[in-house]
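The values are calculated or read from the model by the stated rules, or taken from the named source; none is laboratory data. This is a predicted model, so every value here is computed, not measured. In this analysis, Cβ positions are derived from the backbone assuming ideal geometry, glycine residues included, and neighbour counts consider all displayed protein chains.
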Amino acid sequence: MSAIVIPEALRARFLERLAIRVTTLESTIAALDEKHDLRASLERQLHSLAGIAGTYGFHALTDLARAGELQCAAGAPRVTIEGVIAQIAEAAATAREARHKPSS
Amino acid sequence: MNTRVFAEPTFAIVGGDHYFAACPSCDSVTDVTQSPWCSCVTRERTPVCSVCGECRCRRSAAERLDFWMRAPESMRRDHTPSAPAQKTAAKAPLVMVVDDDEEIRLIARHVVEQLGYRCVTAANGPEALAMMAAEEPRVVITDALMPKMDGRDLCRFVKRSSEAKVVLMTSVYTAPRYKYEAFKTYGADDYLAKPIDFASLQATLTRLVA
């Protein structure tokens with residue numbers, strides 16, 4: 001198969017929107033109590049992130065998001081999911097920094 | 001005629017299929033659907049402003065992408081193939097991608113078109129079914145877990161009402177028993193794991209469209 005080229009503009013858009021995804025995850029977990037609907041929203045957000053991140057080559061993000069999704073589905077305590085989201089935030093920041101770092 | 005004009009690069013729809021946009025070079029607002037199309041050798045030909053003659057090909061990739069992302073779906077379908085590919089693009093099989101995540105739709109559409117197919121996208125099951133009333137996709141690739149209508153239910157509807165092949169996508173349930181469930185319970189023709197592996201996508205489309 002001839003290589004599929006992902007336009008830089010699409011990749012840039014993903015990284016830009018990644019910051020918004022992370023902020024939304026953080027807001028959702030902060031508001032999480034035992035309301036089922038917020039947990040379901042969190043699970044859906046993590047599900048989406050797991051699917052899209054790896055498609056752009058950010059497999060570490062996919063693994064983290066998938067772990068978070070499974071924990072949400074299993075009813076893991078809030079503190080556990082918060083930990084995963086913190087790791088996602090860090091990985092996302094690293095990905096954005098790597099993009100802006102000038103190549104040597 | 002009442003005309004609504006929005007700041008560039010948005011589109012205003014004035015009845016029928018007219019789309020007005022402001023030219024980024026001279027600020028003239030013209031009916032893009034009546035514009036000539038540029039002959040630049042780019043993947044996506046753009047309208048030429050009838051006032052200053054500028055086309056958007058000279059804009060940066062990010063600006064052009066933003067223009068097409070905001071363009072109405074019908075305009076993208078009718079006008080985006082570059083001139084050399086237009087004849088084959090018109091006959092290329094149509095693939096529909098259904099996913100509630102806009103970025104999945106964008107990248108999937110990009111990849112499907114790079115593989116030589118035409119592509120339309122929908123954000124959910126009801127939207128996909130409404131589009132299928134006018135379009136006849138050969139293949140529908142749908143996320144399994146979506147709001148409004150689960151992709152698995154969409155699969156059942158599509159298999160009952162059309163000849164289209166259906167591919168279910170999901171990121172978590174990749175165990176063999178879920179693939180079996182996709183085939184036997186919902187009637188899916190194939191199964192794709194997310195994150196999307198482009199080689200698998202190509203192989204799947206080749207197999208289903210053949």
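On the given criteria, is A:ILE85 surrounded by 13 or more Cβ atoms within 10 Å (Cβ to Cβ) and within 24 Å of B:ALA123 (Cα to Cα)? So A:ILE85 fails the test. Just one residue in the set B:PRO84, B:PRO126 is at pLDDT 90 or above and either assigned to a strand (DSSP E or B) or more than 14 Å from chain A (Cβ to nearest Cβ) (or both); that residue is B:PRO126.
Quick one: is B:ALA108 touching a strand residue (DSSP E or B) at 6+ places or on another chain (Cβ under 6 Å) and outside any loop (DSSP other than H, G, I, E, B)? Yes: the conditions hold for B:ALA108. Considering region A:1-74, the qualifying helices (runs of 4 or more DSSP H), each wholly inside and each with 1 or more residues that are within 11 Å of another protein chain (Cβ to nearest Cβ) and of a type in the set (Phe, Trp, Tyr), run over A:8-30.
Can you tell which of A:ALA19, A:ALA67, A:ALA53, A:ALA31 is farther than 15 Å from B:GLU103 by Cα and either surrounded by 13 or more Cβ atoms within 10 Å (Cβ to Cβ) or at pLDDT 90 or above (or both)?
Going through A:ALA19, A:ALA67, A:ALA53, A:ALA31 in turn, just one is farther than 15 Å from B:GLU103 by Cα and either surrounded by 13 or more Cβ atoms within 10 Å (Cβ to Cβ) or at pLDDT 90 or above (or both): A:ALA67.
Among the residues examined, A:GLU26 qualifies as farther than 22 Å from B:ALA193 by Cβ, among the charged types (D, E, K, R) and modelled with pLDDT of 90 or more.
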